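Enquirer: Please find one structure pasted underneath; my questions will follow.
The values are calculated or read from the model by the stated rules, or taken from the named source; none is laboratory data. Just so it is clear, the structure is predicted and the values come from calculations on it, not from any experiment. Positions of Cβ are generated from backbone atoms using ideal geometry, with glycine treated the same way; all protein chains shown enter the neighbour counts.
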Amino acid sequence: MGFTITEKIIKSHLTDGDMNIKGSEIGLKIDQTLTQDATGTMAYLQFEAMGVPRVKTERSVAYIDHNTLQTGFENADDHRYIQSVAGKYGVWFSRPGNGICHQIHLERFGKPGKTLIGSDSHTPTGGGLGMLAIGAGGLDVAVAMGGGAYYISMPEIVNIKLTGGLKPFVSAKDVILEVLRILSVKGGVGKVMEYSGDGVKTLSVPERATITNMGAELGATSSIFPSDEITRKFLKAQGREEDYVPLEPDKNAVYDALIEIDLSKLEPMAACPHSPDNVKTIEEIGKIKIDQVCIGSCTNSSLSDMLTVAGILNGNDVHPNVDLSIAPGSKQVFEMLAGNGALADMIESGARILEAACGPCIGMGQSPNSGGVSLRTFNRNFEGRSGTKDAQVYLVSPETAALSAINGYLSNPTDKTDWGNKQVYKVPHPEKFLINDNMIIEPLDEKAAKTAEIKRGPNINEFPKNTPLEDVIRAYALLKVGDNITTDHIMPAGAKILPLRSNIPAISEYCFTVCDETFPKRAKDAKTPDKEGRAGGIIIGGANYGQGSSREHAALAPLYLGIKAVICKSFARIHRQNLINNGIIPLLFKNSEDYDKISQGDDLEILSIGDCIKNQNSAAIIISNLTKGIDIHADGAFSERETEMLLAGGLLNLTGGEGL
C-alpha cells in the first residue's frame with residue numbers, strides 16, 4: 001500500500017505514536033513556526049517561561065498583522081515586546097505594514113514537504129505549497145519553538161479529486177465554498193483534505209492557498225496540494241527555486257474518503273450569513289442591494305487576486321451607495337500594484353486602500369453600517385465578527401466582490417447582463433516577483449542575544465496559571481450555549497478588545513459577552529468558594545464548541561475567570577487542545593440528549609474526576625446534577641500526555657516552567 005502526501009510528511013516527521021492507527025495520538029517534529037501579534041505576546045511569554053535559550057526550529061517567524069490599529073499605547077508596546085523577544089531568541093520579525101502572516105510565509109518562507117504550525121487557525125494556507133501546515137494554540141507553538149513535538153490525532157485523509165477547469169470569472173474561492181457546501185463546518189474535524197486530479201494542474205499556488213486557507217472553516221486539521229511544476233515556478237518567481245522539492249501521492253495510495261468536483265461545472269457562490277457553510281450560488285441569492293465591499297484578508301489578497309480586481313475596476317466607478325475597501329496581502333503585493341499601475345486603477349475607481357494587514361477580517365476597522373449588507377472576500381462571517389452585530393455578511397470571490405461594488409448589488413460575474421457595457425482587461429501576471437525583504441528583521445546572533453533587553457510595556461501582564469486537578473469539582477453551570485459556538489463568541493476580537501490581548505484580567509471582562517453580558521461578573525463572583533464548597537464554574541455547550549480562530553485567549557480568559565470544565569456534545573480540535581494545555585477539562589456528553597438535562601444555574605458535582613483521569617478511566621466520569629437530582633455520564637478520552645497535563649493543571653505546570 002502506497003502513501004498519500006500527508007502520510008509521507010507525517011512518516012518523515014514522526015517522533016511518537018503509531019501513524020497506522022487513525023485517531024491515535026502522534027507526535028510530529030516541527031520545522032517551522034509562525035505567530036501573529038494577537039496571539040504572539042502570550043506565546044512568547046510562555047516560551048520565556050520554559051527557559052529555553054534559543055528556538056530550535058529551522059525557521060520561526062513573528063508577524064505583526066492583526067493589531068495594527070494604534071489608538072493607544074497597547075498595540076505598539078506589544079509590537080515592541082515581540083520584536084525584542086524575537087531578536088533575543090532567534091525568531092525572524094516581520095514589521096507592521098509588511099503584510100499578513102500567511103501571505104508573506106507563502107511568498108518568502110514556506111517549503112514543500114516541511115511541517116509548519118502557527119498560532120493562527122489559517123496556517124493551513126501553507127498547504128498550497130505542499131506543506132503540512134496546521135493551526136495551533138500559542139502554547140503549542142512555544143513548545144515547538146523550544147524543540148518539543150507537536151501532538152495531533154492521526155487524521156483521516158480525504159481525497160478531493162478535482163477534474164476539468166474553472167470557467168472565466170469562477171475562482172478558487174468558489175471551489176472551497178463548494179467543499180464547505182458539501183461537508184459543512186464540522187465535516188473536516190479529524191481529517192486532512194488532500195487535493196488531487198487533473199484539475200490541480202489548472203490552479204496556481206495562490207489559488208491553491210485560497211482553498212487550503214479556508215479549509216480551516218471545515219474544522220480540518222489541514223489541507224494540502226501536491227508540490228509540482230507549478231509550485232517550482234512560483235518558488236522560482238520568488239527567488240527561492242532551491243526550496244522546491246517534488247511531492248505527490250503514490251499511485252497506490254489509499255484514502256479514507258473521496259470527493260470529486262468537476263471545476264467546469266462550478267458557478268460563482270457566496271457563503272450567506274452567518275456561517276461559511278451556508279453556501280448558495282449567486283444566482284440563487286439574487287441581486288440583493290449591498291452597502292459595503294471589502295477585498296483582502298489572508299484568503300484573497302495575493303497579487304493575482306489584486307490584479308483581477310484592478311482589471312474589473314479599471315475605467316469603472318464604485319457605486320455611490322457602496323463603500324469599497326481593498327487591502328493587499330503583503331508589501332510585495334502592494335509595491336507591485338503601485339509599480340504596474342493597478343493601484344492607480346483601484347484608487348481612480350473610488351476604492352479606499354487599506355494597509356497590508358488583516359484589518360476588517362478581524363473587526364479591526366471598516367465595520368458595516370447598522371443592518372448593512374457587506375460582501376467580503378474573507379474566510380469567516382460569524383455574527384458580529386465584522387464589528388456590527390446586525391450586519392449581513394456574505395463571503396464571495398474577488399471577481400464577484402469587484403463587479404458588485406460597481407453595480408451596487410450582488411452580481412454574477414459569469415452573467416453578461418451584470419456586466420452591461422463594462423469592460424475588463426487582463427493584467428499580465430509577472431514571471432518574477434519584486435523581492436524586497438527590508439521589513440523582515442533577522443534575529444540577533446547568539447552572542448548579542450545574551451545581553452539583549454526584552455522590552456515590556458505596562459499592558460503586558462503574566463498569563464494565568466492553573467492549580468493541579470482536584471478530585472472533586474463542585475460548581476454551578478455558569479453558562480449554557482448552543483451548537484457551533486465560535487472563539488469569537490467566547491473571546492471576541494475587534495478594535496476595542498484586541499489591544500487587551502496581553503492583559504488577561506482586562507480582556508476577560510469581555511469573555512462570552514456576545515452570549516451573556518453578565519457572564520464575566522458572575523464568573524468572578526463564583527471564584528470565591530461558598531459555604532457548600534462550590535467554586536468556579538462549568539460551561540455547557542452544544543456541538544462543534546470552539547470552532548473558528550486558534551486564539552488561546554478563549555481558554556486563558558475562562559481560566560482566569562475560574563472555569564473548571566467545559567461539557568459539550570463535541571469540540572473543535574484546536575480549542576479542545578487549548579483547554580487541556582491550560583488545565584480546563586473538556587468533557588463530552590456520552591449521550592447527546594443529556595445536554596437537555598442541564599440548565600444554566602444548575603448545581604453540578606463531579607466526584608473522583610482526578611482518579612478517573614489519572615487511571616485513564618474517563619469513560620466512568622459521572623456528573624451529578626444536584627439541582628435536578630439526576631446523574632449524567634460523560635467522557636473525555638484523554639491520551640497519556642493529555643492526562644498528565646490535566647492532572648498537573650496545564651502544560652506549563654507539567655514542565656515546571658523549565659525546559660520541555
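Enquirer: Can you say whether P360 is within 26 Å of P206 (Cα to Cα) and out of contact with any Leu (no Cβ under 9 Å at 6 or more places or on another chain), as far as the supplied structure shows?
Expert: no
Residue by residue, here is whether (1) surrounded by fewer than 22 Cβ atoms within 10 Å (Cβ to Cβ); (2) over 27 Å from V333 (Cα atoms); (3) within 20 Å of the chain's Cα centre (by Cα) holds:
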| position | (1), (2), (3) |
| --- | --- |
| I30 | no, yes, yes |
| T35 | no, no, yes |
| G51 | yes, yes, no |
| V55 | yes, yes, no |
| G110 | no, no, yes |
| G113 | yes, no, no |
| S121 | no, no, yes |
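Enquirer: If you don't mind, another one. Condition test on N67, is it over 21 Å from L652 (Cβ atoms) and at pLDDT 95 or above?
Expert: no
Enquirer: Now for a different question. Out of curiosity, is F378 more than 22 Å from the chain's Cα centre (by Cα) and aromatic (F, W, Y)?
Expert: No.
Enquirer: Enumerate the helices (runs of 4 or more DSSP H) found wholly within segment 294-404, keeping only those where 1 or more residues are in contact with a Ser or Thr (Cβ under 9 Å, 6 or more places away or on another chain), closer than 30 Å to E431 by Cβ and not acidic (D, E).
Expert: Values: elements: 303-313, 331-340, 342-349.
Output list reads 303-313, 331-340.
Enquirer: From the list K389, K416, K422, which one is surrounded by fewer than 18 Cβ atoms within 10 Å (Cβ to Cβ) and either closer than 15 Å to E283 by Cβ or in contact with a Pro (Cβ under 7 Å, 6 or more places away or on another chain) (or both)?
Expert: K416
Enquirer: Output the residue which, of all residues in segment 169-179 that are surrounded by fewer than 24 Cβ atoms within 10 Å (Cβ to Cβ) and not β-branched (V, I, T), is farthest from V424 (Cα to Cα).
Expert: E178
Enquirer: Can you give me the number of residues within segment 619-639 that are in contact with a Leu (Cβ under 8 Å, 6 or more places away or on another chain) and surrounded by 18 or more Cβ atoms within 10 Å (Cβ to Cβ)?
Expert: So the count comes out to 6.
Enquirer: On to the next question. In segment 86-141, how many are more than 28 Å from R576 (Cβ to Cβ) and at pLDDT below 95?
Expert: Residues in segment 86-141 being more than 28 Å from R576 (Cβ to Cβ) and at pLDDT below 95: 0 in total.
Enquirer: Of all residues in segment 550-569, how many are at pLDDT below 95 and in contact with a Lys or Arg (Cβ under 8 Å, 6 or more places away or on another chain)?
Expert: The qualifying residues number 1.
Enquirer: Give me the pairs: first residue in segment 314-338 and in contact (Cβ under 8 Å) with a residue 12 or more places away in the chain and surrounded by fewer than 24 Cβ atoms within 10 Å (Cβ to Cβ), second residue outside any loop (DSSP other than H, G, I, E, B) and of a type in the set (D, E, K, R), beta-carbon distance under 6 Å, and six or more apart or on different chains, which are they?
Expert: Qualifying pairs under 6 Å: N314/D345; S325/R352.
Enquirer: Go through segment 240-260 and report how many residues are surrounded by 14 or more Cβ atoms within 10 Å (Cβ to Cβ) and over 27 Å from the mean Cα position of the chain (by Cα).
Expert: Total meeting the criteria: 1.
Enquirer: Report, by residue number, each residue of segment 368-400 that is at pLDDT 95 or above, out of contact with any strand residue (DSSP E or B) (no Cβ under 6 Å at 6 or more places or on another chain) and polar (S, T, N, Q).
Expert: Correct list: N369, S370, N379, S397, T400.
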